[in-house]
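**Student:** Quick one: this structure, given as structure tokens, is what I'll be asking you about.
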Amino acid sequence: MRRVVVTGAASGIGAALARRLAQDCEVIGLDRKAAPDDAIEFVECDLADADSVREALGALPDRIDGLANVAGVPGTAPPRTVIGVNLLGTRRLTEALADRIAVGGAIVAVASLAGYHPGFEDRIAWLLAADDDAALEWAGSSGISGAQAYDVSKKAVLAYSRRLCARLAPRGVRSCTVSPGPVETPILGDFETSMGGAVQRAAAHTGRHAQPEEIAAVVAFLLSREASWVNGTDVVVDGGLTSRRAES
Ligand code: NAI
């Protein structure tokens, strides 16, 4: 049976993904808060805290087939937290688990349409090269807003995933991202606050927001063996929002 670690498994997209994968995989959920579902093995861990991640690693299996990096915080959080969780937490866990992923396995991170917002392009390579302290120092002292930090964090996750693809493909491990538009989860209200009307405008184009299960289905596919030739790419799952907005 395939064994998959899912971060952010206590809520929203991560919870929907864990439920779906549990039908035919062994799922280990990881989150800073307890999972609502006893059916899934669960490890409590704060991805922003290196000690907490180190402790969690001891509770995770030596060999896994997939890692889904879903946990994230919105732009209503302080910039240091946004960069600390969305980018550095994702990278911390991924680097620690990469060698445990079996041949034929995959890493899938949930990025965002926000990763396509223009700006900060020249900061991304620097951020990926910076150590955690330097990245957090920049997030806290550069004057960027939480919303800007969110865009940067997701842009950096997209770039990091492409780099992982180049690094891990020779070992037979794939790396992809999924970029959702607005999704009906507990943090949608925070996005409404931090993105100033963009979430409502999105619904005017698409008629509704996504359900978490509609994002989880795509992540599950990318993690599966059926996606064996999909690698190093981002799949936008936005109900056509990007195209419909461009054509209107
Ligand atoms: P959610 O708030 O329902 O779930 C996020 C989960 O991440 C929560 O269970 C939370 O406890 C966990 N988490 C946050 N910080 C953590 C930390 N330091 N350590 C461990 N776990 C932590 O939100 P949702 O919508 O399911 O978000 C999942 C991902 O999807 C996030 O990366 C988010 O940025 C992304 N996304 C969400 C969209 C939306 O409209 N809901 C749109 C585009 C991307």
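We did not get these values from a lab; they are worked out from the coordinates using the rules stated. Just so you know, these numbers come straight off a predicted model, no measurement behind them. Ideal geometry is used to build each Cβ from the backbone, glycine not excepted, and the neighbour counts take in all protein chains shown.
**Student:** List the residues whose amide H sits under 5 Å from the amide H of residue 107, counting only those 5 or more places along or on another chain, with H placed 1.01 Å from N in the peptide plane.
**Tutor:** Amide H to amide H, under 5 Å and 5 or more residues apart or across chains, residue 107 pairs with 67, 174, 175, 176.
**Student:** Along the Cα→Cβ direction, 7 angstrom out, place labels at residue 167 and residue 247. What is the inter-label distance in nm?
**Tutor:** For residue 167 paired with residue 247, the spin-label model returns 3.9 nm.
**Student:** Tell me whether region 3-65 comes out rounded, prolate or oblate; compute the Cα gyration tensor, take square roots of the eigenvalues as a ≥ b ≥ c, and use a/c under 1.5 as the rounded threshold.
**Tutor:** Here region 3-65 falls in the oblate category.
**Student:** Among residues other than residue 130 whose Cβ falls under 13 Å from its Cβ, what is the net charge (Lys/Arg +1, Asp/Glu -1)?
**Tutor:** So the surrounding residues net to -2.
**Student:** Going by C-beta contacts inside 10 Å, put 175, 153, 11, 228 in order with the fewest on the left.
**Tutor:** Least crowded to most crowded, the residues run 228, 11, 175, 153.
**Student:** Using only Cα atoms, figure out Rg for region 138-248 and give it as a multiple of 2.2 N^0.38 Å.
**Tutor:** Its radius of gyration relative to the 2.2 N^0.38 Å reference: 1.21.
**Student:** For region 98-228, what's the relative contact order in percent, using C-alpha pairs closer than 8 Å and at least 6 residues apart?
**Tutor:** Computed value for region 98-228: 37 percent relative contact order.
**Student:** Counting alpha carbon pairs within less than 8 Å and at least 6 residues apart, what relative contact order, in whole percent, applies to region 2-247?
**Tutor:** 22
**Student:** Can you list residues from other chains, or at least 5 along the same chain, whose modelled amide H is less than 5 Å from the amide H of residue 41?
**Tutor:** Correct list: 27, 29.
**Student:** Then there's this: Name the shape class, rounded, prolate or oblate, that the alpha-carbon gyration tensor gives for the chain, where a ≥ b ≥ c are the square roots of its eigenvalues, rounded holds for a/c under 1.5, and otherwise prolate holds if a/b is larger than b/c and oblate otherwise.
**Tutor:** rounded
**Student:** How large is the helix-only mean residue ellipticity at 222 nm for the chain, computed as the sum of -39500 (n - 2.57) over DSSP H runs with n ≥ 4, divided by its residue count, in deg cm²/dmol to the nearest 500?
**Tutor:** That calculation yields -13000 deg cm²/dmol at 222 nm.
**Student:** Between rounded, prolate and oblate, where does region 124-202 land on the alpha carbon gyration tensor, with a ≥ b ≥ c its root eigenvalues, rounded for a/c under 1.5, else prolate if a/b exceeds b/c?
**Tutor:** Oblate shape, in that a/c is at least 1.5 and b/c is the bigger or equal ratio.
**Student:** Further question on the same structure: Ranking 154, 33 by Cβ neighbours within 10 Å, fewest first, what do you get?
**Tutor:** Fewest-to-most Cβ neighbours within 10 Å comes out as 33, 154.
**Student:** So, one more: What are the membrane-span-like helices in the chain by this rule: whole DSSP H runs, Cα extent along the axis at least 20 Å, mean Kyte-Doolittle hydropathy at least -0.5?
**Tutor:** Counting only whole DSSP H runs, the qualifying helices are 146-168.
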